[in-house]
Amino acid sequence: MTVAPPRPKSLPLTALRAFEAAARLGGFAAAAEELHVSPGAISAHIKTIESELGAALFERSARGVRLTSLGQRALPYFAEAFDGLGEAVQRLRTDAAPGVVHIAALPAIAQFWLSPRLPALRAAAPEIQISITALEHPPNLKRVPYDLCLFHSETGGETVAQDALLPVCAPALADRMRHPGDMAEMPCLTDTGWPDDWRTWISAALPGAGFTPRGPLFSLYSLAVEETINGAGILMGHTALVSSHLASGKLIAPFDLPVPLGSSLRMWSLRPASAKSPAGRVAGWLRSTGTDHP
């Protein structure tokens, strides 16, 4: 008679992923955002593991959650495992579709810096397909399979374009200003993603001026730029993003007072790509055209 003892029940991979994300990020809400599920789903997954183990992984309180000693001991092993899994998935996707390059970029960078460069890149390398995802924050490349990332940052990766702050406006509006102080009488447009741009520029370019910008707020830089072109007011422009509009004359910098930023437009990847690979060729192209005005 064959003996078939019951096997220990495996823990669900989705539940283990939820635990690792919550433990690494320090909370259920942050894990939910990374995994694109609800905080309730993260909580349910972790309860499944805790029920199977008969032990708690998190201490729960009104102030949030905190890892138990058991959870703390387990986290490094799961983090390493999911890092390895993420890299394996990226290698698999790259090998399966070697001509496709996936790029994650800040929406403003994708629209104003990256997109204008793509026609020339497609003409130079028509066999390469570029896929672009606009994200507000840099992704964790150990968990999501992007080949390249383009974001503003002070550190990491490599700088492909320097950036500076410079007031810009439509030509008709520029004709009405003779001195930087004249901007105090004009609507000053602000992108909510960069709420301190005006303050940064004023403190460096017009110290002690007592100038407080007033005007509409925009949640998308593209809308702020479009309204500036339409003559709605003055925008604190990022030179790396509005250079093509300045070159075409759609926008004017009424005062030559650029203020360099500590952050720059940077590009990075999970691991260095071969210069002959599609991702490496795209990276090289963007690197070489970083300071050009397309």
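What follows draws every value from the coordinates through simple rules; no lab data is involved. Computed from a predicted structure; not experimentally measured. Heads up, the Cβs are rebuilt from the backbone with ideal geometry, glycines too, and the neighbour counts pull from every protein chain shown.
Numbers for the structure displayed
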| quantity | calculated |
| --- | --- |
| Potential lengthening between Leu217 and Arg176 on full extension [0.36 nm per residue; Cα-Cα distance subtracted] | 12.5 nm |
| The chain: angle of helix 69-96 to the longest principal axis, Cα-based, in degrees nearest 10 | 70 |
| Whichever lysines have a C-alpha closer than 25 Å to that of Lys47, once near sequence neighbours (fewer than 8 apart) are set aside | Lys9 |
| Centroid-to-centroid separation of the range 241-274 and the range 144-221 [C-alpha atoms, Å] | 11 |
| Nearest 10 degrees, 0 to 90: helix 39-53 Cα axis against the chain principal axis | 20 |
| Spin-label zone in the range 58-102 - amide nitrogen under 17 Å from a point set 7 Å from the Cα of Leu11 along the C-beta vector | 58-60, 66-85 |
| Inter-probe distance in nm under a simple model that places probes 7 Å from Cα toward Cβ, at Thr133 and Val100 | 1.2 |
| Ascending count of other beta-carbon atoms within 10 Å, so fewest first, for Thr14, Thr155, Thr94 | Thr155, Thr14, Thr94 |
| Rounded to 5, the percent of DSSP beta bridges in the chain classed as antiparallel | 60 |
| Acute angle (nearest 10 degrees) that the helix 13-25 long axis makes with the longest principal axis of the chain, alpha-carbon atoms | 50 |
| Order of Asp182, Asp95 - criterion: other Cβ atoms within 10 Å of each residue's Cβ, fewest first | Asp95, Asp182 |
| Neighbourhood charge, 14 Å Cβ-Cβ cut-off, centred on Pro258 and excluding it, Lys, Arg +1 and Asp, Glu -1 | -3 |
| Local net charge near Pro167, Cβ-Cβ under 12 Å (Lys/Arg +1, Asp/Glu -1) | -3 |
| Cα gyration tensor category, rounded, prolate or oblate, for the range 101-149 with a/c compared to 1.5 | oblate |
| Note, ³J(HN,Hα) from phi for the range 177-193, Karplus 6.51, -1.76, 1.60, rounded to Hz, x at Gly and Pro | 10, 10, 9, x, x, 5, 5, 4, 9, 10, x, 10, 7, 10, 8, 5, x |
| Sites matching trypsin sites (Lys or Arg not before Pro) across the range 210-281 that sit in DSSP coil, with at most 14 neighbouring C-beta atoms within 10 Å | Arg214, Lys276 |
